[in-house]
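Inspection log for the structure reproduced underneath, given as structure tokens.
Taken together, the values in this text are just the output of simple stated rules run on the coordinates, not laboratory data. The structure presented is a predicted model; accordingly, all values stated were derived computationally and were not measured. Cβ placement follows ideal geometry from the backbone for every residue including glycine, while neighbour counts extend to all protein chains displayed.
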Amino acid sequence: MEIVNPPGWAKPLGYNNGVKATGTFLAVAGQVGWDRDSKLVGDDFVKQFAQALQNVVDVVKAAGGKAENIVRLAIFIGSKDEYNASLKQLGPEYKRIMGKHYPAMTCLQVAGFVEAGAKVEIEGFAVL
């Protein structure tokens, strides 16, 4: 895996602009903050974010990989304001789950989620 950030660009914070990898491609469906029983872990944005991210990593692990195999994350949030207000708490949760691995990432605010009560959904792409 090779991190790709164009020369002369400002260093990205908390993500990378590109990741080049060779291997078996794994697409991980959007994961919300629910537990093994498909129940949301609560109404707290940070808890839902952490669970959704852990769910992505768990799928990658089930395929024989680890967090460092993730080359891209797409993060869908229901409220930009709630996301921004939670940034200080999100960093430690992200590092607990992903370590110091920062794939290419996108974060988008969406109008809503299919899962009632969901505040965040994360999909991933890994190369094993």
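Could you give every pair whose Cβ atoms fall below 7 Å, whose first residue belongs to the stretch 45-72 and is free of Cβ contacts under 8 Å to residues at least 60 places away in the same chain and closer than 22 Å to residue 86 by Cα, and whose second residue is of a type in the set (Asp, Glu) and crowded, with 17+ Cβ neighbours inside 10 Å, counting only separations of at least 6 or pairs across chains?
46/93; 50/93
Test residue 41 against the criterion of being in contact (Cβ under 8 Å) with a residue 60 or more places away in the chain and surrounded by 15 or more Cβ atoms within 10 Å (Cβ to Cβ), and give yes or no.
no
Would you pick out the residues in the stretch 75-106 that are surrounded by 17 or more Cβ atoms within 10 Å (Cβ to Cβ), in contact with a strand residue (DSSP E or B) (Cβ under 9 Å, 6 or more places away or on another chain) and within 16 Å of residue 32 (Cβ to Cβ)?
Answer for the stretch 75-106, where residues must be surrounded by 17 or more Cβ atoms within 10 Å (Cβ to Cβ), in contact with a strand residue (DSSP E or B) (Cβ under 9 Å, 6 or more places away or on another chain) and within 16 Å of residue 32 (Cβ to Cβ): 75, 76, 77, 78, 83.
Being among the β-branched types (Val, Ile, Thr) and under 20 Å from residue 18 (Cα atoms), is that true of even one residue in the stretch 78-101?
no
With respect to residue 119, determine if the residue is without any contact (Cβ under 8 Å) to a residue 24 or more places away in the chain and of a type outside the set (Gly, Ala, Ser).
In short, no.
Give just the number: which of (1) under 17 Å from the mean Cα position of the chain (by Cα); (2) loosely packed, with under 11 Cβ neighbours inside 10 Å; (3) part of a loop (DSSP other than H, G, I, E, B) does residue 12 not satisfy?
Evaluating residue 12 over (1) under 17 Å from the mean Cα position of the chain (by Cα); (2) loosely packed, with under 11 Cβ neighbours inside 10 Å; (3) part of a loop (DSSP other than H, G, I, E, B) leaves (2) as the failure.
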